[in-house]
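Student: Sharing a structure below in structure tokens format, with a few things to ask.
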């Protein structure tokens, strides 16, 4: 019977739209940064909806919310579904919210049908995923997953010096439960892709098998400052010329490497004058690949190009300021998602997450997988973020089927 | 007799060093920006030295100073020598000052020898050449040469809103003489090269035959902002990648084109985040060549590269914010400098000015040529700017011989 069960598309969509009024902006976006009054109101609405279904809502010391729908054997660990309700200051209606409210819709559908799974089901709202008001991103799921400590969390402040815990108290969401104490049998996160791959391929559901290995770097190239008018080309040590050659080599390698991501997001020259060959050029190098071994090849391509410039007389330094290992989600959870997609009959493909998500941390302490649905043009973190009710429905149906499968196993 | 006449190296050097105390900084540089009290003190010292030689010192309405050493026939137009006494805020001891004080040393040498030329000789200090406190550069020689108008000059202000004329009054250098009224038979400007060519070639004196054609541009490339982690390489419209290809094509052309100068001095991306493929990249394009026709080829190379990127979907716009035509100095003045170099027996070469100088404007209204001497490492606009007493002497001897030749013709 549960295999034929489907979510209510219209109810899911109208809940998404009703929730989107909280922090909604004139341009159709959402400004509901973590631990603001809007975040508090968004949490209150979600909790009220859960309580309407008879769910118990618990809150831990960092405001992570756990709304539990009892199973037939509550001695077993829950199967969890969730994501986050906070947004970027100029965010959209679906990033994060979809995963939480789809979890709610799963429970509503079960509740309507009078179905209880063997294991309980828990919907999670992780606190401060976006990292816009408080750095780091994926903050409270990070503490839950032993990536950060409670001591670190005590020190988190926004730009105005307001502490994370202080702000949590202010909105009434500092709970008693120690962070990380509550364990789960499995965790499933539905999220919009935040990229163009599903849409371009006409695919409704992505089975997310892991997350990319990443390396974030600052690179500086030091040449020799000189006058643009008086210095012949062959007497220059121009860091922009060196940069051009290094970037060209890296783009060539990345373009030829399946699933590679190579991004130079920031470039700055010193001095920044049209008539002066710069002394120095700084740039960022953001490298990602599902396989750590291929990421290492990309880095080696950069290093070989940098060495060629060093031989010409440039001083080049690379500082890695962030890195993330290759992540593979739990085989049992991935299989549950695969089977759910098959049960629902949706066109699907397997892919690897290119963005950070709570699931990327939670997988360290709990069996985890993710489900992606398309978003228009791959756009997110933007008021123009857009999905269709059918896409939301498909994601929620896969979440329903996968969660029920895991909870009844 | 005049052909054997030489300047006094030690006197020239000690005048340079004495003058360098005014605005001298702890690092050996000079901070004597236009129309500051230091500029006033530098002018006073120069005027006092001129009056010691019985010269008449006139000042025009923009503070240009004209110190005249009478000739044997004062009904004839003067032969002028000069440059500027103002410096960059972190400038050196020789940029500009050398040309003025070498003119003074020429007159001192003639005065010592009891020689009068047929035409009078005039030493000029042009006001506000550097363009650091007041924009534009070569300001008062520009008005003298009909490049700018007095109306424009009335509007010039520094960053604090102090007017050019107001500052001129403040230091007591607003004269009565209308700017441009005083005419000259010829104008010679000795200046440090501000580039590495003479030094690298072991050459003591450069015969400057003209100035490069120049084109200064702001270019913007608009691509499509996207997430660095989720956007495959082949779905990107990355303005940094387009920039890299355009820059590579331009460098290749410039490196293969004799006497070309191609400089990208400023690059900026929007947004400037390591994890976002930028929406937009802006850069400056500074192109120079002695021949306008070859400059046009360099621009065409850029445009062809930009067109290839437009075909890929990028929006690219180039705005030329400054340009200067190919300039050829006066044949009679160049010949006088050539002959002077030969008379002195110095190793010399002919070259074209890559930097802006007062002479580049004055040549529009008066027969003009320039003389370059080496500077260490090609460095200027820097406290490390350095020349030797022998280099200063050589430049001043060529100035002496060329001026006397013109003034006796």
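Taken together, the values in this text are just the output of simple stated rules run on the coordinates, not laboratory data. Since the model is a prediction, treat every value here as computed from it, not as a measurement. Glycine gets a Cβ as well: all are built from the backbone with ideal geometry, and neighbour counts include every protein chain shown.
Student: At 0.36 nm per residue, minus the direct Cα-Cα distance, what do residue B:332 and residue B:113 gain on full extension? Give it in nm, one decimal, please.
Tutor: Using 0.36 nm per residue and subtracting the Cα-Cα distance, I get 76.2 nm.
Student: With an 8 Å Cα cut-off and a minimum separation of 6 or more residues, compute the relative contact order for the range B:213-324 in percent.
Tutor: Over the range B:213-324, the number comes to 46 percent.
Student: Okay, next question. Rank the residues A:185, B:176, B:146 as a footprinting-exposure proxy: fewest other Cβ atoms within 10 Å of their Cβ go first.
Tutor: B:176, B:146, A:185
Student: What whole-number distance in Å separates the alpha-carbon centres of the range A:163-177 and the range B:1-62?
Tutor: Comparing the Cα centres of the range A:163-177 and the range B:1-62, I get a distance of 71 Å.
Student: Follow-up question, since we're still on this one. Does chain B classify as rounded, prolate or oblate by the C-alpha gyration tensor (a ≥ b ≥ c root eigenvalues; a/c under 1.5 gives rounded; else a/b over b/c gives prolate, otherwise oblate)?
Tutor: Cα axes put chain B in the prolate bin.
Student: Quick one: compute the contact order of chain B, relative version, from alpha carbon pairs under 8 angstrom and 6+ residues apart, as a percent.
Tutor: 24 percent
Student: Compute the acute angle (0 to 90°) between the alpha-carbon long axis of helix B:292-312 and the principal axis of greatest extent of the alpha-carbon atoms of chain B; round to the nearest 10°.
Tutor: Relative to chain B, helix B:292-312 is tipped by roughly 20 degrees.
Student: Looking at the square roots a ≥ b ≥ c of the eigenvalues of the Cα gyration tensor of the range A:1-80, which shape do they give, rounded for a/c under 1.5, prolate if a/b is larger than b/c, or oblate?
Tutor: Oblate shape, in that a/c is at least 1.5 and b/c is the bigger or equal ratio.
Student: Can you tell me the length gained on complete extension of the stretch residue B:307 to residue B:280, counting 0.36 nm per residue apart and subtracting the Cα distance?
Tutor: Gain in length upon complete extension: 8.0 nm.
Student: While we're here: Taking the alpha-carbon centroid of each part, what is the distance from the range B:370-409 to the range A:318-390 in angstrom?
Tutor: Using only Cα atoms, the two centres lie 69 Å from each other.
Student: Given an 8 Å cut-off on Cα distances and at least 6 residues of separation, report the relative contact order of the range B:264-409 as a percent.
Tutor: 19 percent
Student: If you line up the long axis of helix A:37-52 against the longest principal axis of chain A, both from Cα atoms, how many degrees apart are they, to the nearest 10?
Tutor: The two axes meet at around 30 degrees.
Student: For a quick check: sort A:314, B:346 by the number of other beta carbons within 10 angstrom, fewest at the front.
Tutor: B:346, A:314
Student: While we're here: Rounded to the nearest 10 degrees, what's the angle between the helix A:389-408 long axis and the longest principal axis of chain A, both from Cα atoms, 0 to 90?
Tutor: With rounding to tens, the tilt is 70 degrees.
Student: Rounded to the nearest 500, what is chain B's calculated 222 nm mean residue ellipticity when only DSSP H runs of at least 4 contribute -39500 (n - 2.57) each, over all residues?
Tutor: It lands at -11000 deg cm²/dmol.
Student: Could you identify which residue out of B:275, B:386, B:145 has the top mean-square fluctuation in a GNM of chain B using Cα springs shorter than 10 Å?
Tutor: Top of the fluctuation ranking is B:275.
Student: Using the 10 angstrom Cβ neighbour count as an exposure proxy, how do A:258, B:268 rank, fewest first?
Tutor: A:258, B:268
Student: Ok, one more. With each pseudo-label sitting 7 Å past Cα toward Cβ, what's the residue A:408-residue B:323 distance in nm, one decimal?
Tutor: Rounded to a tenth, the inter-label distance reads 7.6 nm.
Student: Modelling each spin label as a point 7 Å along the Cα-to-Cβ direction, I'd like the residue A:74/residue B:53 distance in nm, to one decimal.
Tutor: Inter-label distance under the simple model: 10.5 nm.
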